Structure formats: C-alpha cells, structure tokens
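Remarks on the structure that follows.
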Amino acid sequence: MVRWISAFVFVALFITALALGSVPVTFDDFFRFLTFREPLDPQSAFILIDVRLPRALTAAFAGAALAMAGLQMQSVFRNPLADPYILGVNSGASLGVAIVMLIAVPASQSFLSSIDPSGAFSLVLAASIGAGAVLVVILALVTRVGVMTLLIVGLMLAYLINAVVSILIFFAMPERLQTFITWSFGQFGSVTWVQFKVFAPAVFIAVLFGGLQFKSMDAFLLGEEQARALGENTVRARVLILCSAAILAGAVTAFCGPIGFLGVAVPHLARGLLGTRNHARLIPLTLILGASLALLADLIARLPGTASTLPVNAVTALIGAPVIIWVLLKNRSTGSLS
Amino acid sequence: MTSNPPEKLLAAEDLIFGHTKKGCPPLALGGPLDLSLVPGELVCLLGPNGAGKSTLLRTLSGFLKPLKGSINIQGTALGDYSPRALARTRACLSTREELPAGMSAFDLVALGRHPHSKWTGKLTAADHSAIDAAFNDSGSTAFRTRLMEELSDGERQRVALARLLSQEAPIAFLDEPAAFLDLPSRIEVLGNLARIAKDRRIAILLTTHDLESALRHADRLWLLGHGGKWFQGIPEDLVLSGAFPKVFSSPNLEFNRSSGNFEPEAKIQNGRAIELIGNGVERIWTCRALERSGWNPSDGEEENSELSVIIVNEENQTLWKIQEAGKTDRTARSLQECLQLLPKT
C-alpha cells in the first residue's frame, strides 16, 4: 500500500516537474509530449525534451542515489545520522571535482578529451574517488568513536576539505572558476543529455550492486561481530556497499553539485512508513521516496511562475535539517546515542 | 569423526589464548588447555573480571585466533570453515550488543536464519518452523510482533535467545546472558538454557558471574583465574576440591563449601561471646544478624553464660528471648528489635 502511494506520488511529481517552468508551454503541446508525440511548437519541444525532461530525470536519479547512499551508510556504520553530506563524503567528492575542474582539465585536456570528450566520465571518477577516500577515513574511525564524535569528525573533515578547495579556487583560472562556482550552488538543471548518459548508468549500476547486498545490510544491524557470527563476510560486504555509496555520492556531486540532507532524511521516512528494518523492503521505497523528495525540492527551488531559481541545497536543508534534530531529540530520550 | 560416545562437538588441544596487539608481543591469558563440548551439556565459564573469560569465548567462537594449539568443530579445524558454514555450526550471543531502533522481535529472530537462506533472504517453510520453535523454546512467542525497544530487559534477553536458537547451530556461545537482568529472570535464564541444551542436544557454553545458578544448573564448570589458573569438572567436584578459593582469591571473602557461596570472612576472633539457643532456619538467620553486629554466637554448651538469646517458636510466631545476668528477661518480636535490645558490643 505504502509503495503504491509512493509510486503514485512520484509519478505525479514527475509530471508536475515537466509541466511547470519559467517558459509556458501550451496544454496541447504538453499532452502531445506526454503521449510520446512531437509537440507542434518546436520551441515547446526543445523546452520539454532538452530542458525539463533531463532536469526531472536528473533530480529523480540524484534523489534516489543520495537516499540509497544515506541508507547504506546508516546501516553499515550503525549510525542513524550517517549521510554523505553530514559525514563529509560530499566534500570529498567536491575535492575530486575541484581538482578536475580547476587543475586537471587544462593540463591533460589533449589526453582526456580523446577518450572522454564531455569530461563527464573523469568528473564522476574523480568525485567517486574523493567520496571513497572520505568513506575509508570514516570506516577507520567508526568502531572507535561514538555517534556524536563521528558526526563532529565528519564536520571537521568537511571543513578541512573545503579549505583545500578554497586554496585551489584561489589559484584557479578565472574562466574555470565561473563553472566551478555555478556547480557548487548545486542544481539539477545543468545536466545535459550527454552528461546524463554517464550519470544515469553510474547511478543505476551502483544502486544495482549496492542494492543486492540487502541481506548483508540486515546482518550489519547487529554490529560487525554479530554479522560475522551470522556467517557474513563482513569485509567483502562492507567494501561492496561502501563502494556503491561512494559512486552514488560521487556521481551526484559531480553533476549536481553538493546536495545535502536528502540522504539522512529519506531512510528515516522509509523506515517510519514501513515499520521495518528489513532492507529488501526498505531499499525500493527509499529509492522512490528519494526521487520524489528531490523532485519536490527542485520544484520548490524553481519557484514556479517566476524566472528565478533558489539553490536546491537550501531547499533540501529546509527539509532535512529538521529531520536530524528530530532524530537527535528522539534518540536522546531513549539514550541510544552516546 | 570417532564413533565413541560421547561425540565431541568441539575439541581444543594445547590451546593457548590471549590478545595480539600491533606492535606488542602476544599476551597469553591462559593455556595450554584441552577442552571439549559434547551435545546436550551446559558449560559455564566462571572467573574474576579480567581473567580472560570473554577472550577464551571469542577464541572458541572464531573471532580471535588462538596463540597456539588447535580448535576443531565437528572434526574440522575452525580455520577451515567459511564464515557461512561456521555460522551454521556455532551461534554467538553477546549482551553487550546494541540493537538499532525500529526492529521488531520477528525481524531479529529471522536474522538467525541468515546463514541458511539464499541470497534473496526469502524465508522458506523450514525457516518459519525454525523461527517458531525458537520463539517457543525461549518463551518469547508473545513478543513476536513487538518492537525490541519496547521490551523489558528480561523480555529482550528471551528474544535474543530466540535469535540464537533460530540459527539451529549445534554449539551456542553466550557472553554473560544473565547480565542486566533482575533476580528472577537471572535464575530462570540458566535453568532454561540447561533444559534447551538437553532438549535440542546442543552444547551451550556461557560466561557468567552468577555462581549460585551456575553451580545448580551447569553440567560442567570451567574456572579461569588470573594468570591462567584453570580448573574444570562438574560443579560438585570443584566445590569439594577447593578450586573456587584458588580462582576467586580475595582477602576479605571466604568460600563456604556447604552453601557453595562466597561469604565475608567470619569475625569470630574479635566478636563478643553470646549464647544462642534454638535451631532450624531461624537459627541460621539469627546467627547472621548477630555476626554482622559484632557478636560471636556459640552453641550454648557452656553452663554459665552471661548473655544468651533463645529462639522461641510460638504458634505462627517467632520470638527472641534475651537473658542477661542480673537483668530481667526481654522479648523481641523481630531480629531488628532483638539487636536493639542487646547491650552495646
């Protein structure tokens, strides 16, 4: 039941995302587009197919990816507040992006452009490596420190990495800087079809091989040692799950900029709606809810009816930050965070 | 595997266990030991804190490598098992584990089927019957649909036990299953485990601090003291052979071989003499009260005692009569009153 309603909400939000925008499209054209016919007006066709459709698809994929990464990190680290943004994984990805955008591209343009003309692939790769590096640091700390300490360490990691990025920005060429600054605001609208062809498969593959670890994620709920006692190959499972999380966070950060708080909020929503910790059931709902919430955040950010756009990050923070506060207060009363 | 009874589920030879830390030489906590577990027995591992009970348990569970020696489970070396195959052979439960919020008792117990189910994790009819049996044997069927955080400590312990049993492993290791429980649940736990071990023909090894329950319910005891002191045998033999005081050495406690408990060392030397007349259970507790208050009660053999307490049993009531030379007799209705009526020691 919950799943059907969520699927319906997702479809409704997706269609709304296509219907609304700063440039009006006639209802007739929109209906023709929805029924897979070419809109009559070429301008409408361009807006629908090359602007709104990739934007909506990107938002849906990014939301699903961040929610999935959040769920993976919460389960593997056994930390209800784990999320790519909070623990500095997005910052790691940003560093990768900054290196590619500000330094690497001019130096190796001739070599890279021959195998990766759009630069999309190297961007994803660099971001995923940056995200993975932060995940390794967190993994090394997670058994030694408590939930709160880990969050503070994550924040400090983010500050540290952002400082490095600032230094890179200081030495960067002005024309590269412009692209980087625009990227860093975070938006779903800048992804072109060419980039989407890299982004979508990256997310799809990471969700697939990460999602297949659902049984291991169940075992991790009992902690490292009990997971081993249940016959889990914890090292392999953890590497697979966190690689998947790194690619998901990396891909989203590479194309949409640093987008926070979806990852922490959505898994809590899914668990609350289903009333279970069983990952085989949680993962599909987490994906759908993540996609829906990202579409909603993007809709709000676009301020329908106006020509201006808010940074998506601001909107997701408005949704996600209260969830974190709620989790903290709820857990404080039961004393399970320490 | 040999056909000679009793068939050993677990056999360790020349086992030396301890810690290995990076940059430090390995620290042996005990051994070399020859250990075995057979089907249907409950073995309790007792010892003072820090002697290495948990380390030994974790070594036998396969979480720590032995420093020396071999461990065989059902005829195969522990190191040769895949994690999954090992999980079907031995199940582990630690009270120290923390559960995430929002997990139902059924979710938790179903996790015990993890090493049996395919990659889809789908529960078969066999899985469901194993889960039902586990809930049943642990007495937690009533909590099936409840969330773990809603249960009391004792209830949670039963569900955790169900999780262990649903794994259907012939060997079960439990680290302090009685910790955090109130007294009635604590006494129950070991009795239940002894029964389960016999009913299911599995071997259960657990660590505990509850000497009394262990003496009553364990088929065998393993005693581990500081410096690797080691005794094993059935509880009664160990009591009679005086193994307990050697393992739990404490200057202020004395092992009472008749009660099987550690008691504060009697203050006989410095107590003031008092004659105690009476017998039965009232005598035992009167003795305790007097000793605690600094008296040294005697049997009442001596003729001319200056001070005596006489226990009088009168229709549903016990009275304590205090006779003191040169004073009138006084009568107390409770031991508290009796102690107050006695002269200062």
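General observations
- Flag not set for A:A254, criterion: within 14 Å of another protein chain (Cβ to nearest Cβ), surrounded by 23 or more Cβ atoms within 10 Å (Cβ to Cβ) and closer than 20 Å to A:A59 by Cα.
- Residue count, segment B:164-201 (criterion: in a loop (DSSP other than H, G, I, E, B) and modelled with pLDDT of 90 or more): 5
- Some residue of segment B:136-153 being more than 14 Å from chain A (Cβ to nearest Cβ) and of a type in the set (A, V, I, L, M, F, W, C): yes
- Qualifying residue in segment A:207-226 (condition: more than 18 Å from B:R84 (Cα to Cα), of a type in the set (A, V, I, L, M) and assigned to a helix (DSSP H, G or I)): yes
- Subset of segment B:133-165 (residues that are open to solvent by 20 Å² or more (accessible area, probe 1.4 Å) and hydroxyl-bearing (S, T, Y)): B:T141, B:T145, B:S152
- Single residue of A:L208, A:L248 found to be over 14 Å from the mean Cα position of the chain (by Cα), under 19 Å from A:A280 (Cβ atoms), at pLDDT 90 or above and not polar (S, T, N, Q): A:L208
Per-residue answers, yes or no, for (1) modelled with pLDDT of 85 or more; (2) touching a helix residue (DSSP H, G or I) at 6+ places or on another chain (Cβ under 7 Å); (3) polar (S, T, N, Q):
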| position | (1), (2), (3) |
| --- | --- |
| B:L224 | yes, yes, no |
| B:W230 | yes, no, no |
| B:I234 | yes, no, no |
| B:S250 | no, no, yes |
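- Criterion: in a strand (DSSP E or B), at pLDDT 85 or above and within 24 Å of B:I202 (Cβ to Cβ) - qualifying residue of B:L60, B:L33, B:L56, B:L108: B:L33
- Criterion (of a type in the set (K, R), touching a residue at least 40 places away in the same chain (Cβ under 8 Å) and more than 13 Å from A:S6 (Cβ to Cβ)) met by exactly one of A:R302, A:R271: A:R302
- Filtered residues of segment A:64-82 (kept if open to solvent by 10 Å² or more (accessible area, probe 1.4 Å) and under 15 Å from A:V252 (Cα atoms)): A:A64
- Residue under evaluation A:L81, criteria (1) outside any helix (DSSP H, G or I); (2) of a type in the set (A, V, I, L, M); (3) free of Cβ contacts under 8 Å to residues at least 40 places away in the same chain, criterion not met: (3)
- Per the conditions (1) within 14 Å of chain A (Cβ to nearest Cβ); (2) surrounded by fewer than 16 Cβ atoms within 10 Å (Cβ to Cβ); (3) under 30 Å from B:G260 (Cβ atoms), the sole criterion not satisfied by B:I171 is (2).
- A:L222 vs. criteria among the hydrophobic types (A, V, I, L, M, F, W, C), open to solvent by 10 Å² or more (accessible area, probe 1.4 Å) and without any contact (Cβ under 8 Å) to a residue 24 or more places away in the chain: no
- The listed residue being open to solvent by less than 60 Å² (accessible area, probe 1.4 Å) and either away from chain B (no Cβ under 14 Å) or of a type in the set (S, T, Y) (or both), out of A:V203, A:V164: A:V203
- Pairing each residue of segment B:101-118 that is touching a residue at least 60 places away in the same chain (Cβ under 8 Å) with any residue that is open to solvent by 20 Å² or more (accessible area, probe 1.4 Å), provided the two are 6+ apart or on different chains, yields no C-beta distance under 6 Å.
- Per this entry, A:A245 is counted among residues that are open to solvent by less than 10 Å² (accessible area, probe 1.4 Å), in a helix (DSSP H, G or I), in contact (Cβ under 8 Å) with a residue 12 or more places away in the chain and of a type outside the set (V, I, T).
- Restricting segment B:105-133 to residues that are within 31 Å of the chain's Cα centre (by Cα) and within 7 Å of chain A (Cβ to nearest Cβ), the residue that is farthest from B:P39 (Cα to Cα) is B:D107.
- Of the numbered criteria (1) in contact with a Pro (Cβ under 8 Å, 6 or more places away or on another chain); (2) over 30 Å from B:R200 (Cα atoms); (3) crowded, with 23+ Cβ neighbours inside 10 Å; (4) not hydrophobic (A, V, I, L, M, F, W, C), the one B:T59 fails is (2).
- Selection count, segment A:269-309, where residues are in a helix (DSSP H, G or I), buried (at least 21 other Cβ atoms within 10 Å of the Cβ) and not hydrophobic (A, V, I, L, M, F, W, C): 6
- Residues (under 13 Å from the mean Cα position of the chain (by Cα) and either open to solvent by 10 Å² or more (accessible area, probe 1.4 Å) or closer than 12 Å to A:S184 by Cβ (or both)) located in segment A:83-99: A:Y85, A:I86, A:N90, A:S91, A:A93, A:S94
- Extreme residue, surrounded by the most Cβ atoms within 10 Å (Cβ to Cβ), among residues of segment B:191-227 that are aliphatic (A, V, I, L, M) and in contact with an Asp or Glu (Cβ under 7 Å, 6 or more places away or on another chain): B:A203
- Once segment B:80-95 is narrowed to residues that are in contact (Cβ under 8 Å) with a residue 12 or more places away in the chain and more than 9 Å from chain A (Cβ to nearest Cβ), the residue that is least open to solvent (accessible area, probe 1.4 Å) is B:T89.
- Scan of segment A:227-242 for residues that are open to solvent by 10 Å² or more (accessible area, probe 1.4 Å) and in a helix (DSSP H, G or I), ordered by number: A:R228, A:V235, A:R236, A:R238, A:V239, A:L240, A:L242
- The one condition from (1) open to solvent by 20 Å² or more (accessible area, probe 1.4 Å); (2) modelled with pLDDT under 85 that A:F180 does not meet is (1).
- Test result for A:G211, more than 10 Å from every other protein chain (Cβ to nearest Cβ), out of contact with any Lys or Arg (no Cβ under 9 Å at 6 or more places or on another chain), open to solvent by less than 20 Å² (accessible area, probe 1.4 Å) and on the phi > 0 side of the Ramachandran plot: no
The values are calculated or read from the model by the stated rules, or taken from the named source; none is laboratory data. On a predicted model such as this, the values are computed, not experimentally measured, just so you know. For neighbour counting, all protein chains shown are included, and Cβ atoms are generated from backbone atoms with ideal geometry for every residue, glycine included. These accessible areas exclude ligands, DNA and RNA; they are computed on the full protein's heavy atoms, side chains included. Shrake-Rupley method; radii C 1.70, N 1.55, O 1.52, S 1.80 Å.
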